[in-house]
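The values are calculated or read from the model by the stated rules, or taken from the named source; none is laboratory data. Quantities reported herein were computed from a predicted structural model and do not represent experimental measurements. No Cβ is skipped: glycine too gets one built from the backbone with ideal geometry, and neighbour counts run over all protein chains shown. We work out accessible area using only protein heavy atoms, side chains counted, and drop any ligands, DNA or RNA first. Shrake-Rupley method; radii C 1.70, N 1.55, O 1.52, S 1.80 Å.
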Amino acid sequence: MATRKKIALIGAGNIGGELANLVVSKQLGDVVLFDIPAKENFAKGKALDLEQNSAIHGFDASILGTSKWSDCAGADVLIVTAGIPRKPGQSRDDLIATNLPIIRDVADNAKAHCPNAFVIVISNPLDAMVYEFKRRTDFPKERVVGMAGVLDSGRFQLFLARAAGVSVKDVRATVLGGHGDDMVPVLSATTINGLPVSQLVPAETIAGIIDRTRKGGGEIVGLMGTSAFYAPASSAIAMAEAYLLDQKRLLPCAAFLTGEYGYSDMYMGVPVVIGGKGVERIVQVVLSPEEKTMLDKSAKSVQSIVDVVKKN
Ligand code: APR
């Protein structure tokens with residue numbers, strides 16, 4: 001008997017709600033929208049609101065709001081947004097004290113109830129949270145991945161498209177490294193439909209765009225008073241879809257490194273192939289010396305926050 005896939009969303013806040021919306025509109029499976037007991041009614045209300053869309057949009061998937069982990073049992077995909085988002089003036093790293101106990105709680109329950117799920121972590125500080133999730137659950141590295149690079153690359157692509165006066169569909173770019181202010185846009189591989197971006201956008205404009213991309217999350221926090229949620233949710237759904245539909249997409253994601261690019265025992269943004277087996281491989285490309293220097297700097301920042309996680 002065929003059954004629908006089950007997608008458990010841990011955290012029913014801004015990103016969680018948008019994730020649920022995308023899962024059902026793309027008909028990827030049934031949704032469990034989980035939050036803490038104090039937010040159970042909120043999760044139930046959001047689930048009901050979204051489920052009522054089914055009559056209008058014409059999808060059959062169900063959305064269950066809950067605060068019971070048993071409802072998440074057997075999930076095929078788990079997307080974790082549990083935690084507190086940034087407020088204006090905060091860095092992602094400032095969230096570590098609040099979000100570390102939360103990710104540990106989520107990891108323990110995920111291990112108990114969803115031992116076979118493909119897990120996408122979104123909670124910040126991303127590279128540290130996904131590292132801790134993997135360490136705590138001891139899930140295989142193929143099944144635990146962090147969402148950052150798809151979003152950072154999306155921001156970069158949009159800004160370049162606007163500057164070049166071309167469709168965003170034609171801009172291809174990859175942003176690697178940690179999900180922080182020293183992330184690494186791989187300029188040597190950035191093209192507008194195969195043409196080098198450096199020939200279409202002036203160097204100083206590109207420099208400004210790199211800076212804006214690095215601070216892209218903060219720009220939105222400054223405007224809204226809380227983190228972005230539409231593009232982060234779409235980015236995680238692209239990853240979930242690649243897994244569920246075995247698409248073998250090559251996407252920049254935070255992956256567990258065991259020597260790739262010269263780094264070990266850490267999560268950081270690198271190009272990966274996501275398919276039906278999860279993170280099927282990490283793709284190693286040759287970076288320019290400047291890009292490698294930037295990646296080293298980013299890795300150092302990630303390592304320092306991972307060290308905090310290991311000590312606490
Ligand atoms: N288990 C499950 N959910 C939890 C837990 C927990 N232990 N602790 C907190 N939550 C829930 C909160 O109750 C809240 O509903 O996580 C939800 C987070 O939702 P929002 O506050 O709306 O935050 P959101 O914008 O969705 O961002 C979530 O993603 O991008 C990151 O920096 C962002 O870390 C933040 C996370």
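See the values below:
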| item | result |
| --- | --- |
| Residues of the range 57-91 with amide N under 18 Å of the 7 Å Cα→Cβ point at Ser304 | 90-91 |
| Inverse mean reciprocal Cα-Cα distance (Kirkwood Rh) of the range 189-257, Å | 14.9 |
| Asp182 - accessible surface, heavy atoms, 1.4 Å probe, Å² rounded to 10 | 30 |
| Three-way shape call for the range 153-312 based on the alpha-carbon gyration tensor, with the a/c threshold at 1.5 | rounded |
| Whole-number percent relative contact order across the range 45-107, with pairs defined as alpha carbons under 8 Å at least 6 apart | 24 |
| Relative contact order computed over the range 37-159 (Cα-Cα under 8 Å; 6+ residues apart), in percent | 22 |
| Cα gyration tensor category, rounded, prolate or oblate, for the range 41-173 with a/c compared to 1.5 | oblate |
| Residues of the range 46-78 with amide N under 13 Å of the 7 Å Cα→Cβ point at Arg4 | 48, 50-65 |
| Gaussian network model of the chain, springs between alpha carbon atoms under 10 Å - residue of Ala75, Ala61, Ala254 with greatest fluctuation | Ala61 |
| Euclidean distance of C-alpha centroids, the range 217-242 and the range 111-167, integer Å | 11 |
| Angle between the chain longest axis and helix 96-113 axis [Cα atoms, degrees, rounded to 10] | 50 |
| Estimated [θ] at 222 nm from DSSP helical runs (n ≥ 4, -39500 (n - 2.57)) normalised by residues in the chain, nearest 500 | -13500 deg cm²/dmol |
| Listed residues Tyr243, Met224, Cys253: farthest to the positive end of the dipole of the range 177-263 (Cβ charges) | Tyr243 |
| Members of Lys68/Lys134; Lys111/Lys215; Lys215/Lys297; Lys5/Lys169 lying beyond 26 Å, as alpha-carbon distances in this model show | Lys111/Lys215; Lys5/Lys169 |
| Residues whose placed amide H lies under 5 Å from that of Val272, excluding near-sequence neighbours | Leu251, Cys253, Val283 |
| Cα long-axis angle, helix 289-311 against the chain (0 to 90 degrees, to the nearest 10) | 40 |
| Dipole magnitude of the chain, debye to nearest 20 (Cβ charges: Lys/Arg +1, Asp/Glu -1, about Cα centre) | 160 |
| P(r) histogram, all alpha-carbon pairs of the chain included - 20 Å bins from 0, percent | 34, 58, 8 |
